[in-house]
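J.: Handing you this structure, nothing more for now.
The values are calculated or read from the model by the stated rules, or taken from the named source; none is laboratory data. Small disclaimer: the values here were computed from a predicted structure and weren't measured. Don't worry about glycine lacking a Cβ; one is built from the backbone with ideal geometry, like all the others, and counts go over all protein chains shown. The area values use the complete protein model at the heavy-atom level, side chains included, leaving out ligands, DNA and RNA. Shrake-Rupley method; radii C 1.70, N 1.55, O 1.52, S 1.80 Å.
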Amino acid sequence: MKTLQRNAVRILTYYWLAFAASSMAGESAGLNADDALSRLLNGDKRFVAGKSEEPHGAALIERRHALAKDQKPFAVILSCSDSRVPPELVFDVTVGDIFVVRTAGEVVDEVVVGSIEYAIEHLGTHLIVVLGHQRCGAVSAAVSGAAETGDIPDILKAILPAVEETKGQSGDRIDNAVRANARDIAKRLQSTGPIIAPRVQSGEVKIVAAYYTLDTGQVELLK
Ligand SMILES: [Zn+2]
C-alpha cells in the first residue's frame, strides 16, 4: 500500500513538473515584437527603481529546472560586453527570457549575425535590441584614435564609421558616436542575410536601437 501511495505521489509530481516546464517555457513563446519591447522597458523601469521582481532562491531553481529542456526567449539583445551593462539585470528578466549576444561596442561580425539568426530561425524570437551605452570604452577608444594591439583594432575599425558620421556635431563626441553606432548597427541588421531581412520586411521581426545610461540605469529607444 505504501509503495502504491509513493508511486502515486511520484506520478503526480512528474506530471506537475512536466506541466510547469511546458507552461514556463511557453510563457514568452511567440511574444510579438511590440509586446516583447514593452516587457523589456517595463523591466528596466523596475531596475531603475530598484524594484526588480525576477525570481531568486527556490523560485529561480524551479525556473531553471522548468527550462532545462527548452528555451523560447522573447527578445535578442545585442549589447556591449561592458561589465556595467548586464542585459538580464537591466531588463529585470531571468533564465530563458532573453538571447544575449555581447561584444565590445556591440560590433557585429559573421558569428554575431549567425547567433542572432539562430534565435530568429530556431527559437522564434521577434525582437532584436541593439543596446549602446553611456561612456562606452570601445567607442571612446575609436573616437580618440587610440593605438591598440592584438585584435582590439578590429573592434575600433568597426566603430569608425559612427565616429566619422558624427564628426563636427554639437554635443558630446563620444555620446554622439555611441548613439550613431547603435543606430547604424540596427539599420545594417535590417537588411542582413536571408533570415533577418525578409522577416523585417514582412513585419514579423523588429529591430530597435537603444541607449543605456550608466548614471540612472535607464534604457531609452533611439529614433
Ligand atoms: Zn561599451
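J.: Taking only Cα atoms, what is the 0 to 90° angle, nearest 10, from helix 193-202's long axis to the longest principal axis of the chain?
T.: Computed tilt is about 80 degrees.
J.: Compute the distance from the alpha-carbon center of the range 99-154 to that of the range 28-54, in whole Å.
T.: Using only Cα atoms, the two centres lie 22 Å from each other.
J.: Here is a further query. Bin width 10 Å, origin at 0, all Cα-Cα pairs of the chain: what percent of pairs per bin?
T.: Once binned at 10 Å, the Cα pair distances of the chain give 8, 30, 31, 18, 7, 4, 2, 0, 0.
J.: Compute, for residue 206, the solvent-accessible surface of its heavy atoms (probe 1.4 Å) with the complete set of protein chains present, and express it in square angstrom to the nearest 10.
T.: We get 90 Å² for residue 206.
J.: Additional query: Counting only protein heavy atoms, what percent of the accessible surface of the range 45-181 is carbon or sulfur at a 1.4 Å probe?
T.: Carbon-and-sulfur percentage of accessible area, whole number: 53.
J.: What number comes out for accessible area per residue over the chain if the probe is 1.4 Å? Units Å², please.
T.: Value returned for the chain: 54 Å² of accessible area per residue.
J.: Also, quick follow-up: Take a quick pass over the chain and tell me how many lysine pairs come in under 22 angstrom between Cα atoms, counting only ones 8 or more apart or on separate chains.
T.: Taking the Cα cut-off of 22 Å, the pair count is 10.
J.: Same structure, new question: Which residues make up the longest stretch of the chain that has no GluC sites (Glu not before Pro) in a DSSP loop with at most 15 other Cβ atoms within 10 Å?
T.: 54-147
J.: Provide the per-residue ³J(HN,Hα) series for the range 36-41, in order, calculated from phi with Karplus coefficients 6.51, -1.76, 1.60 and θ = phi - 60°, each as a whole number of Hz, with x at glycine and proline positions.
T.: For the range 36-41, the Karplus-derived couplings read 4, 5, 4, 4, 5, 5 Hz, x marking Gly and Pro.
J.: In addition: Long-range amide H contacts for residue 81: which residues qualify at under 5 Å (H placed 1.01 Å from N, peptide plane, sequence gap of 5 or more or a different chain)?
T.: Answer set, sorted by chain and number: 103, 104, 105, 106.
J.: Counting Lys +1, Arg +1, Asp -1, Glu -1, what net charge surrounds residue 208 among other residues with beta carbon under 12 Å of its beta carbon?
T.: Result for the neighbourhood of residue 208: +2.
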